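The values are calculated or read from the model by the stated rules, or taken from the named source; none is laboratory data. Owing to the predicted nature of the structure, the values given are computational and were not obtained by experimental measurement. No Cβ is skipped: glycine too gets one built from the backbone with ideal geometry, and neighbour counts run over all protein chains shown. Just so you know, the surface numbers come from the protein's heavy atoms only, side chains and all, with ligands and any DNA or RNA stripped out. Shrake-Rupley method; radii C 1.70, N 1.55, O 1.52, S 1.80 Å.
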Amino acid sequence: MRERIETLRHNLYQIIYQANTPAGKGFDIALIILIMLSVLTISLDSVAEFSRQYGELFITAEWVFTILFSIEYILRIFCIHRPFKYIFSFYGLIDLLSIIPSYLSLFIPGTHYLQIIRILRVLRIFRVLKLVQFINQSNLLVSALLASRLKITIFVLTVSTLLVVFGSTMYLIEGPENGFENIPVSIYWAVVTLTTVGFGDITPKTDLGRSISVLVMVTGYAIIAVPTGIFTAELSQEMRRQNKRDNPRMCPKCRKTGHEQEANYCRICGTELPD
């Protein structure tokens with residue numbers, strides 16, 4: 001009996017966790033299709049017209065998806081030897097959060113719409129298409145962001161200060177009679193104007209206010225490239241650092257990298273390589 005259970009666990013593990021087998025790939029593709037159908041059902045159910053006509057059908061479909069995902073979650077725990085490693089992993093937590101809202105909706109109406117989080121489960125497509133190797137490249141972006149965090153923080157604080165100054169100034173110039181009811185509303189206008197979004201729900205009426213608006217918009221265009229430049233510079237440095245780590249042997253003359261460890265001279269210019 002125990003051997004049968006172990007065999008069953010092994011077979012389920014091959015199907016559920018191994019995407020390099022025909023059965024595993026088929027399982028993952030079917031899972032992704034179910035996830036997309038589930039998200040589509042939840043989205044359509046949020047439309048009042050569709051909900052009135054097909055509400056019962058949507059509810060039935062949502063519970064069918066929930067039961068299927070619950071069975072899948074249980075099987076994932078059953079067939080793995082270290083279940084807590086899966087339960088507390090990123091995908092394990094996403095899988096759990098994707099089924100909890102349905103059961104919560106039995107006690108708290110409206111929480112079933114939180115099932116939309118199931119869209120995050122589509123990230124498993126990276127495993128199906130064998131794109132995991134490219135995820136490592138995201139480490140470059142993360143490292144660049146961490147390296148530039150202080151500069152970006154200073155930039156954000158500076159922009160926030162400007163927004164408060166611009167917003168307060170417009171409140172004093174325009175006043176509540178022109179839509180600038182208070183300083184927070186005026187700061188909201190400054191954010192919209194500085195980012196060049198321009199909703200148009202609040203607009204200055206005085207000539208001085210319009211002049212300030214022009215200044216704010218020009219300032220927005222002037223500073224919009226600053227965080228991009230900071231991040232790009234750090235990303236370039238991080239790429240050079242990684243290149244040095246991956247290809248530590250660089251010719252001091254022609255800067256050619258990628259030499260073999262046993263090479264003594266550069267294959268391009270013949271210069272002696274450093275140890």
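Can you send over the carbon and sulfur percentage of the accessible area for the range 1-57, probe radius 1.4 Å, protein chains only? Walk me through the numbers on the way to the answer.
Working: 2430 of 3890 Å².
About 62 percent, which is the carbon plus sulfur part of the accessible surface.
The chymotrypsin sites (Phe, Trp or Tyr not before Pro) of the range 2-103 meeting both criteria, a DSSP state outside H, G, I, E and B (loop) and at most 14 other C-beta atoms within 10 angstrom of the site's C-beta, are Phe88. Note that the range 1-129 presents 62 Å² accessible area per residue, ligands and nucleic acids not counted, probe 1.4 Å. On the basis of the beta-carbon distance and an R0 of 22 Å, Phe78 and Ile33 show a calculated FRET efficiency of 0.45. Taking a Cβ cut-off of under 9 Å around Gly179, the surrounding Lys, Arg, Asp and Glu residues balance to a net charge of -3, with basic ones at +1 and acidic ones at -1. Placing pseudo-labels 7 Å out from each Cα toward the beta carbon at Ile71 and Leu44 gives an inter-label distance of 2.2 nm. Note on Lys85: aspartates and glutamates with a C-alpha under 14 Å away, same-chain residues under 8 apart excluded, are Asp95.
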